[in-house]
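See below for the structure under consideration.
The values are calculated or read from the model by the stated rules, or taken from the named source; none is laboratory data. Note that this is a predicted model, so its numbers are computed, not measured. Here the Cβ positions follow ideal geometry from the backbone for every residue, glycine too, while neighbour counts run over all protein chains shown. All accessible areas refer to the heavy atoms of the entire protein, side chains included, with ligands and DNA or RNA removed. Shrake-Rupley method; radii C 1.70, N 1.55, O 1.52, S 1.80 Å.
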Amino acid sequence: MKCIEIREYGAPEVLVPAERPIPVAGAGEVLIRVSASGVNRPDVLQRTGNYPVPPGASDLPGLEVAGVIESGDAAALAAASLKVGDRVCALVAGGGYAEYCVAPVAQCLPVPRGLSDVEAASLPETFFTVWSNVFDRGRLQPGETLLVQGGTSGIGVTAIQMARAAGATVIVTAGSDEKCAAALALGAHHAINYKATDFADEARRLTDGKGVDVILDMVAGDYVKREVECLAEDGRLVIIAVQGGVQSGFNAGLVLRRRLTITGSTLRPRPVAFKGAIAQALQARVWPWLEDGTVRPVIHSVFAATEAGDGLPSGAARAHALMQSNQHIGKIVLTWG
C-alpha cells in the first residue's frame, strides 16, 4: 500500500511517500480501505518529535480516516451492527496516512447520511475531542456560555456548532477579523479578535460581568491566568493542548472563592473502551445533527496525499505547511487513489 512516512523529525518536507505491507486486523479490529484521512495538529507535533506514538500503535501519522470496511473481526462487527463493505469513519491511534488502516471496531462510526468520505474523514478526531472535553469533562449545559480559544481551528468549528446545537451561548477567539466573521457565520454568538482586544475583559463584558461557564483551551501558558479571571462561579476550564507553554500562573484564591474546576485531557493514549463510549454517545446525540444539517463539516483544503507540488515531496507535506501557517478555517484532508 502507499503511505506517508516521517523520514526524520523536522519540517513538513520530511513527510515522504512510501510503500508498506497492508496491515492485518486483529481481534476486535477492522481493516479499512481508506479514501480520505484527516490532518490534525497532533500530526504536526508527531512530525516534529513532540508527540510520542503510544505503545503498539503504528508509527505512521494520522488519527482519523474514512473509507470502506475491507475485512475484520466478524463477531465484533456484528455486535456493532457493521459489516464488510460498509462506509465508515474511524478514530485511530496512528496509521491514518495510508491507503489501508486498522481500527478498533468500537472506534468506527457509519458515515452520516449525505456526507462524502472527505467530509467524514474530518469528523472523528475533533468530534471525539469536543464531546469528551466540552460535554463530558466540561459538563456544558443548555443555557450556559462556552468560550472557545481558536474558534476557526478544526476543534473550534466543531465546538461552535455542537455547543450551539446543544443550546449554549458560544463565544470564540480568533486572530483576525476575517476569522471572527467566519466563526460568526458558523453560529458563534460572539467573536473576539484576541490580537486587538483582551479576551478576558471582553468575555466578562459580553456576560454582563458574570463570566463564562466553560472554557475550551488549546493554548494554556499565560492564558490560564486570564481564563481563571473570566470564569463564572462553578466555572470549568478544560485544557486540551499547550501551544502557549506548560507553565501557568493564576490566582488560586479565585479558584477557591468561585469553586472553579481546572481540568484537561489527551485522547490518543486512552483505552479503546473509553473511546468506544464516546463513539456511542456521538452516534446517539451528534450524528442526527450531522444528518439533518444542524452541524456540518467545514473543509478548508483537500490534498492528494502522495502528490508532490510547490517544492514539497507530498500533499501531506503541503497540508502540514498550511496547518502551520494558521491560515486555514476548518479542516484539512488528504485523499487516496
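A few remarks follow.
Here is a yes/no grid of residues against (1) touching a residue at least 24 places away in the same chain (Cβ under 8 Å); (2) part of a helix (DSSP H, G or I); (3) not small (G, A, S):
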| site | (1), (2), (3) |
| --- | --- |
| Q161 | yes, yes, yes |
| R164 | yes, yes, yes |
| G167 | yes, no, no |
| V172 | yes, no, yes |
| A183 | yes, yes, no |
| A188 | yes, no, no |
| I192 | no, no, yes |
| A200 | yes, yes, no |
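- Of all residues in the stretch 224-281, those satisfying the criterion of being open to solvent by 50 Å² or more (accessible area, probe 1.4 Å), assigned to a helix (DSSP H, G or I) and either within 17 Å of F199 (Cα to Cα) or not β-branched (V, I, T) (or both) are K225, R226, E229, A252, L256, R257, R258, A273, F274, A277, Q280.
- Annotation: of all residues in the stretch 282-309 being part of a helix (DSSP H, G or I) and acidic (D, E), the one that is least open to solvent (accessible area, probe 1.4 Å) is E291.
- When the stretch 42-76 is filtered for residues that are aliphatic (A, V, I, L, M) and either open to solvent by less than 50 Å² (accessible area, probe 1.4 Å) or part of a helix (DSSP H, G or I) (or both), the ones remaining, listed by number, are V44, L45, A57, L60, L63, V65, A66, V68, I69, A74, A75, A76.
- When E13 is tested against the conditions (1) in contact with a helix residue (DSSP H, G or I) (Cβ under 7 Å, 6 or more places away or on another chain); (2) in a loop (DSSP other than H, G, I, E, B), the lone failure is (2).
- Of all residues in the stretch 202-223 being under 18 Å from the mean Cα position of the chain (by Cα) and assigned to a loop (DSSP other than H, G, I, E, B), the one that is nearest to V148 (Cα to Cα): M218
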